[in-house]
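Structure record follows, encoded as C-alpha cells.
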Amino acid sequence: MFGLDRQTRDTLWTLIAAPTIWALHFLLAYGVAAVQCAPNQAIFETITATRWLIAGITVVALALIGLIFLRAYREWKGHGAGTVNDQDSDVAREGFLEFSTVLLAGLSFVSVIFVALPALFIVDCR
C-alpha cells in the first residue's frame, strides 16, 4: 500500500471517490426536498428543517471532497506536480491519477455548492 516515499497508491477508486460523493449528495438533497414537498398540501409553509438537513449534508460532502482534494494535491505535488505525462512508468501513472483526482475533486466541490444553492434561496415548496 505504501511505497518508499510513504505515499498511498492511487487507483480508479480514489479517482471516482469525489464524483461519487457529489452524486450521493445530489440524490440525498433532492430526495429530501422531494419527500418534504411531494404531498403538495401546504406549499406556502417554510421548509426550514429540510433546508438545515440539506445544509448539513452539504457540509459533510464538502468536507469529504476537500479531504480527497488535499490528499491528492499533496501527493501530486510530491511527484513533481507536472501536467505533461509522456512516460510509461508507475510514477507517471500515479501522477496522472493524482492530477485527475485533483481536477475531479475540484469539479465535485463546486458542483456540490451549486446543487445546494436552491436550498439557500427557496424557502417553501412553491
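Nothing in this text is a laboratory measurement; each read-out follows from the coordinates by a stated rule. The structure presented is a predicted model; accordingly, all values stated were derived computationally and were not measured. Every residue, glycine among them, receives a Cβ derived from its backbone with ideal geometry; neighbour counts consider all protein chains shown.
The distance between label points at Asp124 and Ala34 comes to 2.4 nm (points 7 Å beyond Cα on the Cα→Cβ vector). Projected label points at Arg74 and Leu103, each 7 Å from Cα along the beta carbon direction, are separated by 2.4 nanometres. With 0.36 nm allotted per residue and the present C-alpha distance subtracted, the Thr46-Thr20 stretch has 6.3 nm of extension available.
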